[in-house]
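Heads up, the thing below is written out as structure tokens.
The values are calculated or read from the model by the stated rules, or taken from the named source; none is laboratory data. Everything numeric in this text was worked out from a predicted model, so none of it was measured. FYI the Cβ positions are ideal-geometry reconstructions off the backbone, even for glycines, and counts take in every protein chain you see. Areas reflect the complete protein model, heavy atoms only, side chains present, ligands, DNA and RNA absent. Shrake-Rupley method; radii C 1.70, N 1.55, O 1.52, S 1.80 Å.
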Amino acid sequence: MLHASPASRDVVPDELELHARSLRADAATPPADQPAAASTAATLAPEAPETDETDERYEDLLAGTDLLAGTEVDPLADPLAEAGPAPAADAEEPPPGRHVRPAAIAQFIGRALAWVVPAVAMYVVGRVGITRPVLGWDEMATWNAAQRPVPKIMSLIANFDGVLAPYYLFMHWWMGIFGDSHLALRAPSLIAMTIAAALVARIGTRLIDPFAGCIAGLLFAAVPAITRYAQDARPYGFAVLFATLATLLLVRAIERPTPRRFLPYAASVALLGLANIVALLLLVGHAVAVTWRLSTTRDRRLLWWPLAAALGVAPAIPLIKLAMPQHDAMLAWIHVYDWQVAAAAPGDIFGTTVAGLMIMGIALLARPASRWVLAGLLTIAIVPPAALLLASIGSHVWVPRYVLFTVVAWVLLAAFALRGTRVRAVLAVVLVAAVAMPAQFELRADDAHIGPDNRLVSEFLRTHAQPGDGIIYAVEDLWSTRNGIEYYLGADAPRDVLLFQSREDNNTLVDTECPDAAPCIGDTKRLWLYRCANGAEGLAHIGSAEQFLRLHTTMAERYTIGGCNLKLYVRDGEPAAWPQEPVALHDPDAPTTRIIGED
């Protein structure tokens, strides 16, 4: 077993490797009383070449982890210090290939379980109820954009959602293989978060020990916001995945700074920028960690990091340029910063205020042995949200999910604080999960993904609309309501009487409507008016159809479904033709009311 020596904490990784190799050489040298023939044979035996495989066999020694005992070892400690006496000269090693030592088996199992358990937990938590919430506004935009041909997607991103181009192109390919069901649309995010949980545990294993890594991964899986975006057809799960991967690869590169290790890191940063350009704020924390380590070790090989980071950021530069003129159109809905927004930030980032504050409180007690680890993780946890909040003063940039990746730093710091006492660590995970349980139930509600309940309205129209009916969408809701009815009803939807130019043809997310409603409506006898924005009433803000409905129709019936208004207008002189069967809705909390009268 290895123990850290306080007097040897300034030994750099290269010296560590030299010590380890010296130890192997000493073990291979025969004692003085051994026959000369054995000594001569050992001398004449060919020396095994030093390869990357040899480096990897001593990965855990250099990473500073005693995998069997679960005790932390300083990565900068002398591997020979307090190592105990050398094995007896007459102790015979079993011939290679005969059997695997129990210690090696235990080591393998411990390392595997450290990441398998959090990954399984994340998958189970994310998979439960994944298909229940109705597709939200943003998810409808994903479906809207990704179902187009690739040339049309490229035309769209030139006008809107340019930063999401890589995600839309990926989802176009994904939907072509797996379809566009709720599960198919959300599965990539679930897979990404599942892998992220495993990587969180892997980071914890390298920095602390396997058990602490497992605790970090389980805390990650217990956070409601992580589950929320594991069930969302948007790129935030990928942003968390690539941020976690980049952090793991940086830890490996800092342990042994070589170009070969910084190249995968640069690739992971590139993927992070393509998933979410705001998530590149992660690099601030990475810069702090590298700078701190450089100041203590004077290892100039760490200067590979700025080049690797620059290479990683480069692919995102075209997306940033594309997004700049689109900023106002894309983010105008975001609330401008005030003190209430800042106060709600922990709850918004974690998805629950109490559990979030619990994890943050535990994390602030962390005292990693390596200062660069503490400095880097604290910077990742605090600086990106703070920077985004400050930038949002008088602007529209604060969106908590943009900094969801900071949860990784918080749970790793919490794992540091909980190391040493396994019962306390397990109780902390259980308590956090219990406190977060109400939020976990809430995020699986039908309306949890923000937007109208288009599925409920579609079920109603499927049973109550008649052949030849038309439908009109309020202007404020064109993005969400029209897409939603098309998604859930398809060819069974009432005719979209005001459709003039499709969104694919005008290269936006919103269809163009007829400038004059009368010719487009034609002789349609029954018209459904569907609107949801802010519970709007009346005929205002429905485009060119307002005057037509006032002059030529009468409102025959009105329904309130899932907080939205659905009204039936009939041509003057036409019977309303009420459906005789009772209204059948699967949601008892969304009552349907039948009100006969006029606006």
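With all protein chains present, how much of the accessible area of the stretch 353-463 (probe radius 1.4 Å) comes from carbon and sulfur, to the nearest whole percent? Result for the stretch 353-463: 70 percent of the exposed heavy-atom area is carbon or sulfur.
What the Cα atoms of the stretch 267-308 give is an Rg and a Dmax of 11.8, 34 Å. In terms of Cα atoms, the Rg and Dmax of the stretch 374-438 work out to 15.1, 47 Å.
Under 5 Å from the amide H of G129 lies no amide H of any residue 5 or more positions distant or on a separate chain, with H modelled from the backbone and absent for Pro and chain starts.
Semi-axes of the equivalent ellipsoid for the stretch 239-375, computed as √(5λ) from the eigenvalues of its C-alpha gyration tensor and ordered from largest down, come to 29, 24, 12 Å.
What does the net charge come to around F500 if you take all other residues with beta carbon closer than 9 Å to its beta carbon, with K and R at +1 and D and E at -1? Write down the numbers at each step before the final one.
Details: positive: none; negative: D511, E513.
Value of the local net charge: -2.
Here the stretch 423-539 has an Rg and Dmax of 20.3, 74 Å, counting Cα atoms alone. Accessible surface of W137, taken over heavy atoms with a 1.4 Å probe and every protein chain present, rounds to 120 Å².
Using a 1.4 angstrom probe on the protein heavy atoms only, line up M171, M154 by accessible area, largest first. Don't skip to the end; give the middle numbers.
Numbers: M171 0, M154 90 Å².
Heavy-atom accessible area, descending, gives M154, M171.
Using all pairs of distinct alpha-carbon atoms, the Kirkwood hydrodynamic radius of the stretch 330-486 works out to 18.9 angstrom.
Roughly how many whole Å is it from the C-alpha centroid of the stretch 133-184 to that of the stretch 212-280? Measuring centre to centre over Cα atoms gives 23 Å. Each eigenvalue of the Cα gyration tensor of the stretch 410-486, multiplied by 5 and square-rooted, gives one semi-axis; in descending order these are 48, 14, 7 Å. Of the accessible area of the stretch 226-271, computed with a 1.4 Å probe over protein heavy atoms only, carbon and sulfur atoms account for 74 percent. Taking a quarter of the surface of the Cα convex hull of the stretch 116-182 gives a mean projected area of 5.6 nm². Largest first, the three principal axis extents of the alpha carbons in the stretch 177-312 are 53, 34, 22 Å in whole numbers.
Beyond 24 Å, what share of the Cα-Cα pairs of the stretch 106-238 is found? Please give it as a whole percent. The proportion of pairs with Cα distances above 24 Å equals 38 percent.
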